[in-house]
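For reference, the structure is listed below as C-alpha cells.
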Amino acid sequence: VEDCLAKKMEITVSEAEKRTGRNAMNMQETYTAYLIETRAVESQSEGQCGPVDSLWRRYSEFELLRNYLSVTYPHIVVPPLPEKRADFVWHKLSADNMDPDFVERRRIGLENFLLRVASHPVLCQDKIFYSFLTQEGGWKEMVNETGFQLKADSRLKALNATFRVKNPDKRFTELKHYSDELQSVISHLLRVRARVADRLYGVYKVHGNYGRVFSEWSAIEKEMGDGLQSAGHHMDVYAASIDDILEEEEHYADQLKEYLFYAEALRAVCRKHELMQYDLEMAAQDLTSKKQQCEELATGTVRTFSLKGMTSKLFGQETPEQREAKIKVLEEQIQEGEEQLKSKNLEGRDFVKSAWADIERFKEQKNHDLKEALISYAVMQISMCKKGIQVWTNAKECFSKM
C-alpha cells in the first residue's frame with residue numbers, strides 16, 4: 001500500500017528500561033518502559049537526516065492501543081501483541097517478565113506490532129495510532145474520549161450469540177474452526193520445539209565434558225598430549241556456542257507465537273459477525289411478532305395462544321378506540337422495525353465484505369511469514385548439524401596427528 005504510514009515514517013522500539021513508580025492504587029511497582037523512535041522518510045529522500053522524535057510507552061499502553069483498535073475496527077484481524085509472560089519455553093530459559101533476554105525479545109515483538117499496524121491499509125490511517133507514536137502526554141485521555149469501551153461487546157453476550165444464532169454464515173463458521181485448529185497446531189509445534197531445544201542444550205553441554213576429559217588426559221601423555229589438548233579445545237568451543245544458537249532459535253519461536261495469538265484475532269472477527277447476525281435475527285423476530293399482533297388487533301382473531309388473549313377473554317374486549325390507538329402505535333413500531341432491519345442488513349453486508357477482504361489480506365501475509373520462518377528454522381538446524389560435523393572432523397584431524 002503506497003500511502004501507508006510505514007512508507008512515510010521510520011518506526012523503531014529502540015530500547016527498554018526498567019523503572020519503578022506508583023500505580024493507580026498508590027502502591028510501588030516495577031515495570032518496563034519502551035522507547036519509541038520515529039523519523040519522517042521524506043527528509044531522508046532529500047539527502048537530509050530528519051530529526052528523530054522519541055517517547056516512552058509501557059506495555060499496558062500498547063494493550064490499551066490494541067484494545068481500542070479491536071473495538072473500533074471489528075472487521076479487521078488486528079495484529080497481536082507479544083506475550084506478557086514467557087510461555088512454551090525450554091527449561092533453561094527464564095519465564096520471568098523482567099528477565100533481560102525476555103524483555104529484549106518483547107521489545108522486538110512490540111516493534112513488530114507497530115510496524116504491522118503502520119503497514120495495514122486501514123489501521124495505519126487511524127489518528128489515535130498516530131498520536132500513540134508522536135504525542136507523549138494526553139494520549140490516554142484521547143483514547144478514553146472516543147468512548148470505545150462502551151462499544152466493546154461483553155464475552156457473555158458473544159457466548160449467547162454463538163449458541164443462539166439460527167442461520168450462521170458457513171464461511172465464518174469454517175474460519176472459526178480453522179483458527180482453533182491453527183492455534184492447536186502451533187501450540188503443539190512450540191511444545192515440540194521446546195523439548196528439542198532442551199535436548200540440544202544437553203547434547204552441546206555434554207561436549208564440554210569431552211573437552212575437560214581430553215585436557216586432563218593430555219596432561220599425562222607426552223606424544224599424544226598436543227592432539228588431545230587441541231581436540232578438547234574444539235569440544236569446549238562447541239559446548240559454549242549453544243547459548244547463542246538457542247537465543248537465535250527463540251526468535252523463530254516468537255514468529256510462530258505471533259500466529260498463535262493471531263488465531264485469537266481471527267476468532268474475534270468471527271465472534272463479531274455472530275453478534276451482528278444474532279442482532280439481525282432478533283430484530284427480524286421482533287418485527288414478525290409486531291406484524292402478527294397488528295393483524296390480530298385489526299381482524300379481532302388470535303392465532304396463537306397468549307396471556308394477553310386470555311386476559312381479554314376473561315375481562316372483556318377493548319373498545320374500538322383503544323384498539324385503533326394500539327394499531328397505530330404498532331404500525332409506527334413496524335415501520336421503525338423495518339427501517340432498523342434494513343439498516344442491520346446493510347451493516348451486516350458491509351461488515352462481511354470488509355472483513356473478508358481483510359481476512360484474504362491476512363491469509364496472504366500468514367502464508368508468506370510462516371513459510372519464511374519455517375525455512376529459516378530449517379536452515380538454522382542444517383547449520384547446527386554442519387557445525388557438529390565440523391567439530392568432529394577437526395577432532396579427527398587432531399587425533400590423526402597424534
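The values are calculated or read from the model by the stated rules, or taken from the named source; none is laboratory data. Treat the numbers as computed from the prediction; the structure is a model and nothing was measured. Positions of Cβ are generated from backbone atoms using ideal geometry, with glycine treated the same way; all protein chains shown enter the neighbour counts. These area figures cover heavy atoms from the full protein model, side chains too; ligands, DNA and RNA do not enter into them. Shrake-Rupley method; radii C 1.70, N 1.55, O 1.52, S 1.80 Å.
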What are the pairs with Cβ atoms under 6 angstrom where one residue, in segment 255-272, is outside the structural domain of Leu182 (by the TED database) and the other, located anywhere, is in a helix (DSSP H, G or I) and surrounded by fewer than 23 Cβ atoms within 10 Å (Cβ to Cβ)? Sequence gap at least six, or different chains.
none
Sort through Glu223, Glu249 and tell me the only one that's among the acidic types (Asp, Glu) and farther than 30 Å from Arg361 by Cβ.
Glu223
Residues within segment 1-38 that are under 25 Å from Lys84 (Cβ atoms), of a type outside the set (S, T, N, Q) and open to solvent by 90 Å² or more (accessible area, probe 1.4 Å), tallied
5
Pairs where the first residue, in segment 322-336, is farther than 14 Å from Glu296 by Cα and among the acidic types (Asp, Glu) and the second is open to solvent by 80 Å² or more (accessible area, probe 1.4 Å) and in a helix (DSSP H, G or I), C-beta under 9 Å, 6+ apart
none
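Mind checking which residues of segment 345-357 are within 30 Å of Pro80 (Cβ to Cβ) and touching a helix residue (DSSP H, G or I) at 6+ places or on another chain (Cβ under 8 Å)?
Glu347, Gly348, Phe351, Val352, Ala355, Trp356
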Among helices (runs of 4 or more DSSP H) lying entirely in segment 116-213, which contain 1 or more residues that are open to solvent by 40 Å² or more (accessible area, probe 1.4 Å) and in contact with a strand residue (DSSP E or B) (Cβ under 7 Å, 6 or more places away or on another chain)?
127-134
Residues (more than 22 Å from Gln125 (Cα to Cα), modelled with pLDDT under 90 and hydrophobic (A, V, I, L, M, F, W, C)) located in segment 17-56
Ala24, Met25, Met27, Cys49
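Please find, among Pro79, Pro74, the residue that is at pLDDT 95 or above and touching a helix residue (DSSP H, G or I) at 6+ places or on another chain (Cβ under 8 Å).
Pro79
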Kindly indicate whether any position in segment 389-397 is open to solvent by less than 30 Å² (accessible area, probe 1.4 Å), assigned to a helix (DSSP H, G or I) and in contact (Cβ under 8 Å) with a residue 12 or more places away in the chain.
yes
Residue that is most open to solvent (accessible area, probe 1.4 Å), among those in segment 214-254 that are farther than 21 Å from Thr393 by Cα and without any contact (Cβ under 8 Å) to a residue 60 or more places away in the chain
Lys222
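Let's see how each residue does on (1) farther than 30 Å from Gln255 by Cα; (2) of a type in the set (Gly, Ala, Ser); (3) outside the structural domain of Ala284 (by the TED database); (4) in contact with a Gly (Cβ under 7 Å, 6 or more places away or on another chain):
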| site | (1), (2), (3), (4) |
| --- | --- |
| Leu156 | yes, no, yes, no |
| Phe172 | no, no, no, no |
| Arg195 | no, no, no, no |
| Gln229 | yes, no, no, no |
| Met235 | yes, no, no, yes |
Just to be sure before I move on: is His120 at pLDDT 90 or above and not assigned by the TED database to the domain that holds Tyr252 in the structure I sent?
yes
Restricting the search to segment 164-203, which residues are under 16 Å from Gln277 (Cα atoms), modelled with pLDDT of 90 or more and of a type in the set (A, V, I, L, M)?
Leu175
